[in-house]
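To keep things clear, I will list the structure first and then write my remarks on it.
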Amino acid sequence: MDMNLNELTVNSQMLIETYLLPWGTKLLLALLIFIVGRMVARLIARGVGKALTSAHLDPILVNFAGAVVNTALLVLVIIFALSQLGLDTTSLVALVGAAGLAVGLALKDSLAHFAAGVMLIVFRPFKLGDYVEVGGVAGSVDKISIFSTRLKTPDNKVVTVPNGNIFGNTMTNYSEESTRRIDLVVSISYGSDLLKAKHLLDDIVGSHDKVLKDPAYRIAVSELADSSVNFIVRPWVNAADYWDVRFELLETIKLRFDAEGIEIPLPQMALHINKPE
């Protein structure tokens, strides 16, 4: 009985010394590495976020960069913690790399939109509320995200444009500058009084309260066309007043020309038929 008890005690001691103590130590060390590493990863991610915020980058990019840094560091911490348990992490690293490659190939278009989104947020060719023309669509910028940009058209439609379609093409920002020039072409018939028409245009544009005095507007004969004499009318206005002033000028010009006997010609063609003798 005493021999069995002694043998059991010896075996238990050997079990503890051979397996429990080494594995327990490795497990505690791995847990310590994981806990401390996770805390350090969070601190580094917060530091990156604060640095990007200080650089006045967009909050969307700041949050995303912080999340990427935190996730990447956490993966490294987990791999290092597992290596302390004696596990072969080489295959795990290869598996993570292969999975990343597979995901990258499957999401290559999304990654392209993501990269374009980062560039849009960093370089800021437009901001919320700007009226822009991008990716073949015109509208006010309603939301800028990592993968797409949402526009609201003048007729209140919401259009979502992938960022890759925006950054890889021409972008026109109509709100970047505080003023815009209205370009009108006004035609009169050859039989109408040219100087009178020019005086009327000058009076109409000059008396409009939303037309800017500086830069000065310009009215000039631009073309002697086939069936009309064409004027260019180019007033400057505040960007917010562009469409209102354009519509009002066109209406006023038509009414004043009708009242003053200035003819706006319709396109016409003279056809001569020679009869055989």
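The values are calculated or read from the model by the stated rules, or taken from the named source; none is laboratory data. Nothing here was measured: the structure is a model prediction, and the numbers come from that model. Please note: Cβ atoms are built from the backbone with ideal geometry, for glycine as well, and neighbour counts cover all protein chains shown.
Go through (1) surrounded by fewer than 17 Cβ atoms within 10 Å (Cβ to Cβ); (2) assigned to a loop (DSSP other than H, G, I, E, B); (3) not assigned by TED's automatic domain parsing to the domain that holds ASP214 one by one and return the number of the condition ILE146 breaks. Of the numbered conditions (1) surrounded by fewer than 17 Cβ atoms within 10 Å (Cβ to Cβ); (2) assigned to a loop (DSSP other than H, G, I, E, B); (3) not assigned by TED's automatic domain parsing to the domain that holds ASP214, the odd one out for ILE146 is (1).
When ASN169 is tested against (1) among the polar types (S, T, N, Q); (2) in a loop (DSSP other than H, G, I, E, B); (3) surrounded by 13 or more Cβ atoms within 10 Å (Cβ to Cβ); (4) not assigned by TED's automatic domain parsing to the domain that holds ILE253, just one condition goes unmet, and that condition is (3). Inclusion of ILE121 among residues that are at pLDDT below 80 and in contact with an Asp or Glu (Cβ under 6 Å, 6 or more places away or on another chain) is warranted. Going residue by residue through the stretch 174-186, is there one that turns out to be polar (S, T, N, Q), surrounded by 13 or more Cβ atoms within 10 Å (Cβ to Cβ), touching a strand residue (DSSP E or B) at 6+ places or on another chain (Cβ under 8 Å) and under 30 Å from ASP130 (Cβ atoms)? The answer is yes, given that some residue of the stretch 174-186 is polar (S, T, N, Q), surrounded by 13 or more Cβ atoms within 10 Å (Cβ to Cβ), touching a strand residue (DSSP E or B) at 6+ places or on another chain (Cβ under 8 Å) and under 30 Å from ASP130 (Cβ atoms).
For the stretch 191-233, a residue qualifies if it is touching a Leu at 6+ places or on another chain (Cβ under 9 Å) and surrounded by fewer than 18 Cβ atoms within 10 Å (Cβ to Cβ), and the qualifying residues are HIS208, VAL221, SER227, ASN230, ILE232.
If you check TRP243 against the conditions, is it within 39 Å of the chain's Cα centre (by Cα) and in contact (Cβ under 8 Å) with a residue 40 or more places away in the chain? Against the criterion (within 39 Å of the chain's Cα centre (by Cα) and in contact (Cβ under 8 Å) with a residue 40 or more places away in the chain), TRP243 does not qualify.
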